[in-house]
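Every read-out reported here was derived from the displayed coordinates using simple, explicitly stated rules and does not represent laboratory data. As the structure is a computational prediction, the values presented were derived from the model and not from experiment. Ideal geometry is used to build each Cβ from the backbone, glycine not excepted, and the neighbour counts take in all protein chains shown.
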There are 4 protein chains.
Amino acid sequence: MCRWIAYRGEPIALEHYVTAPKHSLIEQSQRALEAVASVNGDGFGLGWYAGHDEPGLYREVRPAWSDENLRHLCRHIRSHLFFAHVRASTGTPTTRPNCHPFAHGRWMFMHNGQIGDWSLIRRKVEALIPDAFYKSRVGTTDSEAVFLAILGAGAEDDPVAATCDTLARLTEMVRQSGTREPLRFTAALSDGQNLYAFRYVHNGSANTLYYREGGANVVMASEPLDTERDYWKPVPPAHAIVARAGQPVELRPFPQDARLAAE
Amino acid sequence: MCRWIAYRGEPIALEHYVTAPKHSLIEQSQRALEAVASVNGDGFGLGWYAGHDEPGLYREVRPAWSDENLRHLCRHIRSHLFFAHVRASTGTPTTRPNCHPFAHGRWMFMHNGQIGDWSLIRRKVEALIPDAFYKSRVGTTDSEAVFLAILGAGAEDDPVAATCDTLARLTEMVRQSGTREPLRFTAALSDGQNLYAFRYVHNGSANTLYYREGGANVVMASEPLDTERDYWKPVPPAHAIVARAGQPVELRPFPQDARLAAE
Amino acid sequence: MCRWIAYRGEPIALEHYVTAPKHSLIEQSQRALEAVASVNGDGFGLGWYAGHDEPGLYREVRPAWSDENLRHLCRHIRSHLFFAHVRASTGTPTTRPNCHPFAHGRWMFMHNGQIGDWSLIRRKVEALIPDAFYKSRVGTTDSEAVFLAILGAGAEDDPVAATCDTLARLTEMVRQSGTREPLRFTAALSDGQNLYAFRYVHNGSANTLYYREGGANVVMASEPLDTERDYWKPVPPAHAIVARAGQPVELRPFPQDARLAAE
Amino acid sequence: MCRWIAYRGEPIALEHYVTAPKHSLIEQSQRALEAVASVNGDGFGLGWYAGHDEPGLYREVRPAWSDENLRHLCRHIRSHLFFAHVRASTGTPTTRPNCHPFAHGRWMFMHNGQIGDWSLIRRKVEALIPDAFYKSRVGTTDSEAVFLAILGAGAEDDPVAATCDTLARLTEMVRQSGTREPLRFTAALSDGQNLYAFRYVHNGSANTLYYREGGANVVMASEPLDTERDYWKPVPPAHAIVARAGQPVELRPFPQDARLAAE
């Protein structure tokens, strides 16, 4: 049960969304409103693209609210596409490699949710990761494993299809494991140019996800960052939201097989 | 606005009060009930006496709730007199030297509260610290400065008088500084044999303090640690509570000058 | 290339070996003499048995030499059997779960060395871990994986045989992976009563290991802790050293199959 | 005994000097060549100017060599004027507020050295800090206190004079304290446009300081960052080096009173 934001648009300082708004991500780290866990103090992370193909990362195990470095970086780093994430652990340890976002080459990923009873299906999910990507597994979270599985499923060619395929496989694994624990997947993915987000659930209710457009800019967030709630549109469950550079935001229902698997 | 517990009695494992009870200190670090700040995630500390005159300390900047070391230490360390503290900063940075408890020789101290507008009187309070103790100031909190001032005021001879005298001086400093910020002082002090605690305020309401006796054992806490609230007695404001080894707990009103200063 | 010590004998304070001697483990963390990496600043750990079947652990990512908590704990914790380890990473991140020692139930383990080219055989080694133990894999090191593999190979019944069998398998994996990177394994294992250590290598020279006996007490260390080098006996390569409670220390050559595999 | 670099010139990525060169600052954190302490593992910091009057800061207590965040930031942050520092503590704790560089408004400062026996003159040095700057003292190092004293001595009007005046006062304080401990001051100061560095000692030998010019760019460092030692010129003791924007680098001997005080 984490909170995150993702931005794509004109280059801006990260503070614009991470630290400055009334209900900024930092504020949400102490007092989230639409989550089971109101405190997200088990580490945090920033990821941003600027001048290189691969993203920059800053991840720390301390709570976001007391990190002086975070305020400095959000004020001094500008980017056209960035992620920020505050973590409430579902069981894995609070270490930097377990903090989101995760990066591999030019791809970046972050996740809010859980993958069923992780102890039951961890090995099967890790087996989805091709050898070429397994050496990048430096942490132990379900989220990182799913990211590498998505890359292995062909994100380079079609990130939405690779994600939906992986979710269909995960759903089947959770179902077969016999648990009643949910598969909750509210996540963002990017290659540095385009921004993709997903809202999906199997067993239970989907974690919240909103987006707000303004001209060529779009920001996506677990919870609205300000009190102008009319501007924030919810993403329906079992939908992807695609924000390609230079194109209007597009909502896409998941393909039939993923939806079926989720029924 | 922190939370703390202090114990004196038969040697027990620290987990008995720090991690095990329903509303344990660790639980209070995430969901304090009787405090303005419900999250106490700006570091924590343990201090305990066992086999040496001076106490052992374990202090960390991470939140108490996710610290694996803390659970191990609370399970494996036994003591007849120990302190535990979870911190919600009132402005000073989250560093280990700013975490409670503080120790000097055989003395140990921890504090919940604030000393007026610290930026206005910091230099005056630091000037109360004798040179011999000033080299032990390794952090920047108001709490550590007050501890060293109390030692300088003669804690070795009469810890209650030294504390009350220091509070009278602090009250006068806060008053003269012109602030409306409160002086809140709910604190514990020990020499390894006897346990002293204090509840005091100038400008506003006093932070809560309770104690529970059982035979020769006494535990003091910012909030009751369990649901048997009838066993937990509140300490009245402007009172010290003295738990000497081998003697029943004694409540003492502050001397007139301290009370007058607080009016 | 880490440094470690292990002690079994009369209960003593950990400081006796960890922080006090002239060439203590803390000193070795800054200036190791018999290692390729003279600085061991990538985290450290303590593990000790006292009053419970399972050991207590204290692990931190900061260097041992500047950790105030470590000095306090070494002074205040007494144990009849304890481990201490300073880490120089061979590639995996500096996180607490990647710091030694590792514990599972009443078993504790620490390691100095490397397991060939870890990226080539990681999956195969992880496959050695039975499901029942895999959920305890909270880090990503080769060392933790090997520990859980040893437990899975029957350490409960015969810890020396389980370790030698696992080393034979690892040797075969490293050989088949085609790497010239060594398998270096200088490690300690305990169930809380008995202490076992191992010195083994495939491809290259074995990391150093010494022991010193005094009455019923034995201390094992990567490097002698003091200048009385005559009292420190080296453990030969391909040997286990067994220090059972109440029995003299015993050196055992590895069984033929492990030695053959290592030729 | 720390190591640092400072750069002013055309905007470049920080990695150009901090992480990439053969004898980069990160390399020096493990294997400094011209220092008493060859390991600088007691925290580190970056400070850079980019788009704001005040600098950005990133400071951490972990060693620089294992910090993944540091590598990301050095790769993704570009600046026309930046500082980087690896710390070997002379006694104060390893906390973020004790790590260099220090910032106040648009001013930034870092230091390699020590101020005599700090415990003897700490109060006198802190008394040099005007009230307006004292509230910015968030750590406990000698270095931070000297920085705030320099600001109080008029750095805004004449940073070289303010530094030399402060050094004259410090020299007198050290002399009167009766210690034989040296006052070593090899430091850098900037307002975001101009870069000033100083090499000074009282009692003993001055810490090393070099600079290398190339066109409009200048880099200053405790030790040469590469093997082209001919390009690195040493700064003589009791000299300031002034690198104003758009002007050639200028070496200035300290004024007579400072030199006299140092004799």
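Which whole-Hz ³J(HN,Hα) couplings does region B:211-228 yield from phi under the Karplus relation 6.51 cos²θ - 1.76 cosθ + 1.60, θ = phi - 60°, glycine and proline marked x?
Listing the rounded values in order: 9, 9, 9, x, x, 8, 9, 9, 10, 10, 7, 4, 9, x, 8, 8, 8, 7 Hz.
For chain C, build the charge dipole from Cβ charges (+1 Lys, Arg; -1 Asp, Glu) around the Cα centre, then report which of C:Asn194, C:Leu57, C:Thr94 sits farthest towards its positive end.
Among C:Asn194, C:Leu57, C:Thr94, the one farthest towards the positive end of the dipole of chain C is C:Thr94.
How large is the direction-averaged shadow of the alpha-carbon convex hull of region B:15-84, in nm²?
Details: hull surface 19.3 nm².
One quarter of the hull surface, i.e. the mean projection, equals 4.8 nm².
What residues have an amide H closer than 5 Å to that of D:Phe254, excluding those fewer than 5 places away on the same chain, when H is modeled at 1.01 Å from N in the peptide plane?
Long-range HN contacts for D:Phe254: D:His239, D:Ala240.
Is chain D best put as rounded, prolate or oblate by its Cα gyration tensor, with a ≥ b ≥ c the root eigenvalues, rounded for a/c under 1.5, and otherwise prolate when a/b is larger than b/c, oblate when not?
rounded
Length gain on complete extension for the stretch A:Gln193 to A:Tyr231, per 0.36 nm per residue less the alpha carbon to alpha carbon distance?
Numbers: separation 38, 0.36 × 38 = 13.68 nm, distance 2.41 nm.
Full extension from A:Gln193 to A:Tyr231 adds 11.3 nm.
What are the nm distances, shortest first, from C:Gln193 to its equivalents in the other copies, labels at 7 Å along Cα→Cβ?
Label-point separations across copies, in nm and ascending: 4.2, 6.7, 7.8.
Based on the Cβ-Cβ distance from D:Glu10 to C:Lys124, what FRET efficiency comes out when R0 is 56 Å, to the nearest 0.05?
On the way: r = 50 Å, r/R0 = 0.90.
E between D:Glu10 and C:Lys124, to the nearest 0.05, is 0.65.
Calculate the tail of P(r) for region C:113-195: the fraction of all Cα-Cα distances greater than 19 Å, expressed in %.
Working: 1133 of 3403 pairs.
Within region C:113-195, distances greater than 19 Å cover 33 percent of Cα pairs.
Taking the label point as lying 7 angstrom from Cα along the Cα-to-Cβ axis, what are the distances from C:Glu10 to the corresponding position in the remaining copies, in ascending order and in nanometres?
2.9, 7.2, 7.8
Based on the Cβ-Cβ distance of C:Asn217 and B:Leu251, what FRET efficiency does E = 1/(1 + (r/R0)^6) give at R0 = 51 Å, to the nearest 0.05?
Details: r = 50 Å, r/R0 = 0.98.
Plugging the Cβ-Cβ distance into 1/(1 + (r/R0)^6) gives 0.55.
Normalise the Cα radius of gyration of region B:1-127 by 2.2 N^0.38 Å (N = residues in it) and let me know the number.
Details: Rg = 14.5 Å, N = 127, 2.2 N^0.38 = 13.9 Å.
Rounded to two decimals, the normalised Rg is 1.05.
Can you give me the distance in nm between label points at D:Asp157 and A:Asn203, each placed 7 Å from the Cα along the Cα-to-Cβ direction?
7.3 nm
A 30 angstrom limit on the alpha carbon distance is what I want to check against. Which of B:Lys22/B:Lys124; A:Lys135/A:Lys233; A:Lys22/A:Lys124; A:Lys22/D:Lys135; B:Lys135/D:Lys233; A:Lys124/B:Lys22 exceed it?
Checking Cα-Cα distances, B:Lys22/B:Lys124; A:Lys135/A:Lys233; A:Lys22/A:Lys124; B:Lys135/D:Lys233; A:Lys124/B:Lys22 exceed 30 Å.
What is the protein assembly as shown by shape, rounded, prolate or oblate, if you read a ≥ b ≥ c off the alpha carbon gyration tensor as root eigenvalues and call it rounded for a/c under 1.5, prolate for a/b larger than b/c, and oblate otherwise?
Values: a/c = 1.19, a/b = 1.12, b/c = 1.07.
Taking the square roots of the gyration eigenvalues as a ≥ b ≥ c, the protein assembly as shown is rounded.
D:Val242: net charge of surrounding residues, Cβ under 9 Å, Lys/Arg +1, Asp/Glu -1, itself excluded? Before the final figure, lay out the partial values.
Numbers: positive: D:Arg244, D:Arg252; negative: D:Glu250.
Spelling it out: positives minus negatives among the neighbours equals +1.
HN-Hα J couplings of region C:174-188 from phi, Karplus 6.51/-1.76/1.60, θ = phi - 60°, integer Hz, Gly and Pro as x?
3J(HN,Hα) across region C:174-188, in whole Hz: 5, 4, 5, 6, x, 7, 9, 5, x, 9, 10, 9, 10, 9, 10.
Would you tell me which residue of chain A has the beta carbon closest to the rotation axis bringing chain A onto chain C, and how many whole Å away it is?
Chain A residue with minimal Cβ-axis distance: A:Thr95, 2.
May I ask you to evaluate 6.51 cos²θ - 1.76 cosθ + 1.60, the Karplus curve with θ = phi - 60°, for each residue of region B:134-148 and list the ³J(HN,Hα) values in order in whole Hz, giving x for glycine and proline?
Values per residue, Gly and Pro as x: 5, 5, 8, 7, 9, x, 10, 6, 4, 4, 5, 4, 5, 4, 5 Hz.
What is the mean projected area of the alpha carbon convex hull for region A:72-169, to one decimal in square nanometres?
Taking the Cα atoms of region A:72-169, their convex hull projects to 7.1 nm² on average.
Excluding C:Ala88 itself, what net charge comes from residues whose Cβ is under 9 Å from its Cβ, given Lys and Arg +1 and Asp and Glu -1?
Values: positive: C:Arg3, C:Arg87; negative: C:Asp42.
Around C:Ala88, the charge tally is +1.
If R0 is 45 Å, what FRET efficiency do you get for A:Gln176 and A:Ala20 from their C-beta distance, rounded to 0.05? It would help to have the intermediate numbers written out before the result.
Values: r = 46 Å, r/R0 = 1.01.
Efficiency for this residue pair is about 0.50.
What are the distances, in nm and sorted shortest first, from the label point of D:Ala161 to the label points of the same position in each other copy, with each label point placed 7 Å from Cα along the Cα-to-Cβ direction?
Relative to the other copies, D:Ala161 has label-point distances of 5.5, 7.3, 8.6 nm.
Can you pull a Stokes-Einstein diffusion coefficient for region A:118-160 at 25 °C (0.890 mPa s), Rh from Kirkwood over Cα pairs, as a whole number of µm²/s? Numbers along the way, then the final one.
Numbers: Rh = 10.5 Å.
The estimated diffusion coefficient comes to 234 µm²/s.
Using just the alpha carbons, could you tell me how many Å³ per residue the convex hull of region D:127-251 encloses? Mind dumping the intermediate values first?
Details: hull volume 15.2 nm³, N = 125.
Convex hull volume per residue, Cα atoms: 122 Å³.
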